[in-house]
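Engineer: Sharing a structure, written as structure tokens. Questions coming.
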């Protein structure tokens, strides 16, 4: 390096920028060393600054702390809410403060007990899992024990199954379950009406020394009764157990009808009992053990040296493997934003942790296969709502398939029904036709009976009507004097009236008229005189009457001239009363109708042929 | 044992809680009713030689200031709709209560209790008798209370 001049000012001007760069480079290379160096003075600097100009220090720290807090709230919203809730809850704040104090003392005691195997284990776990040491300590310090478990039908609040630790039975569990349901509904309703987060539901209810942890699925929810609030690990444990129950008994839960004597309820209760008796004790025993060890530092230090050497050896041996698994976890985190833990057990890659959806699972599966060429053993947990959704999707698929099969079958049946309907219609139509034919034949063959019935209705009070053959017989009306062919004038009116009614019925009825072949006027004489004379006399009487009747309006209206006939029968059928002839009665005429039999036969034939 | 949830619904001060006190085996403290708007009680009954249990949700009468969560109505197999015979508007409102109940539980059974019937005159009592599913009850004089609960239970458990 050349200098224009060798005075102090020129040399400083040239060299000082170089020192800046070198110093910066050195500082960056030794970042940890730098922090160590600076940290010694940092507290002192902050203290001096606060004494000198506290407002200015606050302003400068505010610009750093505020965004940091905002970011923390954004990233760990639930944790922050959990942390702040006890402070906000006025009534319980005192107890919570006390609990936190005790918990912090516990943590501090553990931190002070620095040279313990647990600390190094915790540090290592923290490095590998990415969870802070404090958080792990918080988890360790939880002492919640689940004393009872309830599975409750969500809609009705009816208790489906229960399990308790010995001597921890709850009095009147069915009422407690209903009440817990009501409280849960009440709080959820309040949250819905008062909070922006419409989907949130109450999960923890505390009273006195009891805490209820509530986890909901589709149609049921589980309540765990604990002596304090459960930690993250315990919640996961309960959720995982509950998810298994929901998966296995989802149909039973959906159709639960209040009967708790079923095999399913017994089975669920047994599973819950087993769960209760396996989970909390180990944890408690383990925690108490570690606390006792904490009191004697020297044995721990000795143990630490031995275990530390072994542990380091083990770390070196497995270092490479752990590192590659750590990289794999990191990669999964980059891609899915999910913290999973990958472990090699029996030469298989087991993946633990929580994921939020099935998509995450498939992404993780692909990453692991791509990076290692191996298939993972799934030990991941999904939120219950995801399990629910998955179950619901499976159910939807099954329902769709069933619907499709059903609709195919329905279509086949529909075709058959259509075919049968067509056949039925044909049969019905044929039947109707036959029925009509039958009615027609019956009407036709029964025409005489019908005519007699009609005539009898009109002439029921008349003594001239003969109901057996439907004729009008004027035997009691003294129509003719001896040998006379003209009737007595006084009888004509009667004759006329009866004839008019008779013809109105026969020819005025469209069912009867087509089958009337003739209206016959029959003339008769008494038995005196010879047959030839009487025959002629009777014919003349019939003829005269016919002439008279033909002139009536009714005869013209029905064109009777074609069918009105006159016949003489001499003294046939005389009227005998007490073995003696009533000659005056025998001198009479009769009016009768004749049916056209040929027409009837033809009609029947036609009906059948049709 | 089979258990069923039933509701006790009606306007404020029609005597629902008094009916419960007359009938049930066990109940939670009344202060729950004013706090969360429901009080749970239970009653074991014997129907056709079989033991059944009713879990009775006594719902507080809604007021303009305080509404009752609709989720309380869910999963109920039956309901007792209670009106006060001395206040006509409470009888008139029974239709509305029934509509809410039936909307949420279309297959649910129900009976109607015209409570405080001890205040009625004899001719009024006669005019209200013999109507299907209607009971003239008096928690005060213990009239028809058990009969009404049993009638509802029979309808629910025989279904």
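Computed from the coordinates by the stated procedures, all read-outs in this text should not be read as laboratory data. Fair warning: this is a prediction, and the values are worked out from it, not measured in the lab. No Cβ is skipped: glycine too gets one built from the backbone with ideal geometry, and neighbour counts run over all protein chains shown.
Engineer: Got a sec? How would A:458, A:151, A:246, A:306 order by Cβ neighbour count within 10 Å, fewest to most?
Structural biologist: Result, fewest neighbours first: A:306, A:458, A:246, A:151.
Engineer: When B:39, A:454, A:594, A:271 are ordered from fewest to most other Cβ atoms inside 10 Å of their Cβ, what list results?
Structural biologist: A:594, A:454, A:271, B:39
Engineer: What residues of the stretch B:103-124 lie in the reach of a label at residue B:87, counting those whose backbone N is under 17 Å from a point 7 Å from the Cα along Cα→Cβ?
Structural biologist: Label zone hits: B:113-120.
Engineer: Quick check: residue separation of residue A:416 and residue A:334 times 0.36 nm, minus the Cα distance between them. What number comes out in nm?
Structural biologist: 23.4 nm
Engineer: Another question about this same structure. Return the FRET efficiency for the residue pair residue A:594, residue A:429: r is the Cβ-Cβ distance, R0 is 41 Å, and the value is rounded to the nearest 0.05.
Structural biologist: 0.60
Engineer: Between residue A:577 and residue A:533, take the C-beta separation as r, use R0 = 30 Å, and let me know the FRET efficiency to the nearest 0.05.
Structural biologist: For R0 = 30 Å, the calculated efficiency reads 0.80.
Engineer: Also, quick follow-up: If packing is taken as the average count of other Cβ atoms within 10 Å, what order do A:516-525, B:67-76 fall into, highest mean first?
Structural biologist: A:516-525, B:67-76
Engineer: Another question, if that's okay. Within the stretch A:315-339, what residues put their amide N at less than 13 Å from the label point 7 Å along the Cα-to-Cβ vector of residue A:371?
Structural biologist: The answer is A:321-339.
Engineer: Per-residue mean of other chain beta-carbon atoms within 10 angstrom of the beta-carbon, peptide A:251-260?
Structural biologist: 3
Engineer: For A:307, A:482, B:145, what's the fewest-to-most ordering of other Cβ within 10 Å of each Cβ?
Structural biologist: So the residues, fewest neighbours to most, are A:482, A:307, B:145.
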